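Accompanying notes for the structure given below.
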Amino acid sequence: MADAPSARVISPPGGVASAEWLAGGSGGADRLARLLPAALRGMAAGTAERGGPVPAGGPAAVAAALVQSAAGLPRHGVGAEQALEELSALLAAGSADPADPACAAHLHCPPLAVSVAADAVASALNPSMDSWDQAPVASEIEREFTTGIARLCYPDAARPDAVITSGGTESNLLGLLLARESAVTRPVCGANSHHSVARAAWLLGLPAPVVVPCVDDRMVASALAEALAPLGAQAVVVATAGTTNTGRIDPLPEIAEICRRTGARLHVDAAYGGLALCSETLRSRVAGLELADSVALDLHKFGWQPVAAGVFAAREETDLQALTVRAEYLNADDDTEAGLPDLLGRSLRTSRRPDAFRMAVTLRALGTSGIGALVERCCANASGVHTMVDDHPALRSWGAPELSTVVFRPMTADELPGAAGDDLVAQVRRTLLEDGTAVIGRGALPTGPDGEAQLWLKLTLLHPHAQPADYRALLDAVATVAADLRTSVTRESPVAS
């Protein structure tokens, strides 16, 4: 038998793409198998060139490298293998690598290989999740997965449901949208809430949220009760299970009881902490989540998925009927009456990727217990690193971690007057970033005189296979850079000394 055309590596002269360049269809898997090694060679070469968690030199150096690469829109193509190898190398060399323990600024996880492999299959087959005839099995896999997530959040609810979103921002938008469609029009949130809450209110034409004070980066329940007194059932409260700055979890059972008593609706932004539900050890930290009307989850945080991997869960499936919209070419009435599932009413988006597929593959591979074990490791790492900060002679801790975020500050910053200390903290972060040494986060917290905001550094630890000892050099680097900058400030300004 002659070789199938798909066995050849096709690179037409001048980069002209033939039908045999297609990733799907007969032979598509073979074509990918011949091309992926070029992409992976480039990725490996770029990673080796970077040699650390982030490219050195800052934005100017990265931009210069891109200009030199001629990565724009060429008149004539160079062929598949060369393009893949060259630009994959460029991307890897210029990327922040969340698989490096020193890349710990954000809720930016190193994705699991099994999820990335599943993503390649989904990309090749390209189901579009806006109508069943474009995604027959993908839609059923999504339905099974979202049903499981809804049950994870609401184990005792009669008919919970969930939909896939692009992340916490879209999920929080949905939380306020469904509240508005239930005639609930006044958002209320903590001072610790994610910026997307205020943005969602703005997008939906709702009033700016009533902001409730926080202590220890947690919403104060008594202050919430006071804020809800004049609002009652007009209010939708947005609580947080895992704040961006510190990983703190609001007192969810108390908040839920206040909402029940006043008639307010409750949405919980659990984009960070929600997957603690998978851990028998940690799930008590998010107790009360099941009392919310809706919940935002993000599996591209504690879930180790490529972006995007958001899920929005509702205790009552009927709430999601507010998303229903008709487009004759996608979900005609006679089609749905004949039994074709309506996918258009499962999202605010029309065309969307089958993101649930890689999440479903990952959960099938690891189970909820496997995901829970990874969450536990990250939280244990945070506790260990916090102890190292406490023991470090040049650093001070903001407080013990509740999830996997460690917040700390160089003591040298406290020796400088006024805003100079915050300036030093900011410079420490930028210096480590521009040197290619580390990617660490920052957050303003009310720890200064009279509750004024002070700038703190943070490590968001999402690398489940790292150990606390892997972060010792990073803590030492923060202390060393801070001391060097402190010396420089002292020399430049007699006042600072």
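Summed over the stretch 100-121, the residues that are in a helix (DSSP H, G or I) and among the small types (Gly, Ala, Ser) give a count of 5. Filter the stretch 249-270 down to the residues that are touching a strand residue (DSSP E or B) at 6+ places or on another chain (Cβ under 8 Å), farther than 22 Å from Ser182 by Cα and open to solvent by 10 Å² or more (accessible area, probe 1.4 Å) and list them by number. Pro251 - this is the single residue of the stretch 249-270 that is touching a strand residue (DSSP E or B) at 6+ places or on another chain (Cβ under 8 Å), farther than 22 Å from Ser182 by Cα and open to solvent by 10 Å² or more (accessible area, probe 1.4 Å).
Run Leu73 past the list (1) loosely packed, with under 15 Cβ neighbours inside 10 Å; (2) under 30 Å from Phe408 (Cβ atoms) and report the number of the one that doesn't hold. Condition not satisfied by Leu73: (2).
Checked against the criterion of being hydrophobic (A, V, I, L, M, F, W, C) and either open to solvent by 20 Å² or more (accessible area, probe 1.4 Å) or within 24 Å of Arg159 (Cβ to Cβ) (or both), the candidates Ala382, Ala332, Ala327 yield just one match: Ala327. Entry remark, the stretch 340-355: residues being within 19 Å of the chain's Cα centre (by Cα) and acidic (Asp, Glu) number 1 in total. Restricting attention to the stretch 37-69, the residues that are modelled with pLDDT under 80, out of contact with any Asp or Glu (no Cβ under 9 Å at 6 or more places or on another chain) and under 17 Å from Ser88 (Cβ atoms) total 3.
One residue stands out in the stretch 473-496 among those that are of a type in the set (Gly, Ala, Ser) and at pLDDT below 95: the one that is surrounded by the most Cβ atoms within 10 Å (Cβ to Cβ), namely Ala496.
Screening the stretch 390-424 for residues that are hydrophobic (A, V, I, L, M, F, W, C) and not in a loop (DSSP other than H, G, I, E, B) and picking the one that is farthest from Gly273 (Cα to Cα) gives Ala420.
Counting the residues of the stretch 271-289 that are over 15 Å from Val238 (Cα atoms) and surrounded by fewer than 24 Cβ atoms within 10 Å (Cβ to Cβ) gives 9. When Thr447 is tested against (1) open to solvent by 40 Å² or more (accessible area, probe 1.4 Å); (2) touching a strand residue (DSSP E or B) at 6+ places or on another chain (Cβ under 6 Å); (3) without any contact (Cβ under 8 Å) to a residue 24 or more places away in the chain, just one condition goes unmet, and that condition is (3). Could you please tell me which pairs satisfy a Cβ distance under 7 Å, a separation of 6+ or placement on different chains, a first residue in the stretch 422-438 that is touching a residue at least 40 places away in the same chain (Cβ under 8 Å), and a second residue that is among the β-branched types (Val, Ile, Thr) and in a loop (DSSP other than H, G, I, E, B)? As it stands, the answer is Leu433/Val54; Gly436/Val54, since those pairs meet every condition given.
Quick one: would you say Ala394 is surrounded by fewer than 17 Cβ atoms within 10 Å (Cβ to Cβ) and touching a helix residue (DSSP H, G or I) at 6+ places or on another chain (Cβ under 7 Å)? For Ala394, the condition - surrounded by fewer than 17 Cβ atoms within 10 Å (Cβ to Cβ) and touching a helix residue (DSSP H, G or I) at 6+ places or on another chain (Cβ under 7 Å) - is met. Annotation note: Cβ proximity below 8 Å between a residue of the stretch 149-178 that is within 11 Å of Arg315 (Cβ to Cβ) and in contact (Cβ under 8 Å) with a residue 12 or more places away in the chain and a residue that is open to solvent by less than 20 Å² (accessible area, probe 1.4 Å) and among the charged types (D, E, K, R) (sequence gap 6+ or interchain) occurs for Ala150/Asp161.
Could you please find all residues in the stretch 97-120 being more than 26 Å from Gly28 (Cβ to Cβ) and surrounded by fewer than 16 Cβ atoms within 10 Å (Cβ to Cβ)? Ala99, the sole residue that qualifies. Please enumerate the residues belonging to the stretch 334-352 that are within 15 Å of Ala162 (Cα to Cα) and among the aliphatic types (A, V, I, L, M). Correct list: Leu343, Leu344, Leu348. When the stretch 290-301 is filtered for residues that are open to solvent by 10 Å² or more (accessible area, probe 1.4 Å), in contact (Cβ under 8 Å) with a residue 40 or more places away in the chain and among the hydrophobic types (A, V, I, L, M, F, W, C), nothing remains.
The values are calculated or read from the model by the stated rules, or taken from the named source; none is laboratory data. All of these numbers come straight from a predicted model, not from anything done at the bench. A quick note on method: Cβ atoms are made from the backbone with ideal geometry, for glycine too, and the neighbour counts reach across all protein chains shown. Surface accessibility is based on the protein's heavy atoms, side chains included, excluding ligands, DNA and RNA. Shrake-Rupley method; radii C 1.70, N 1.55, O 1.52, S 1.80 Å.
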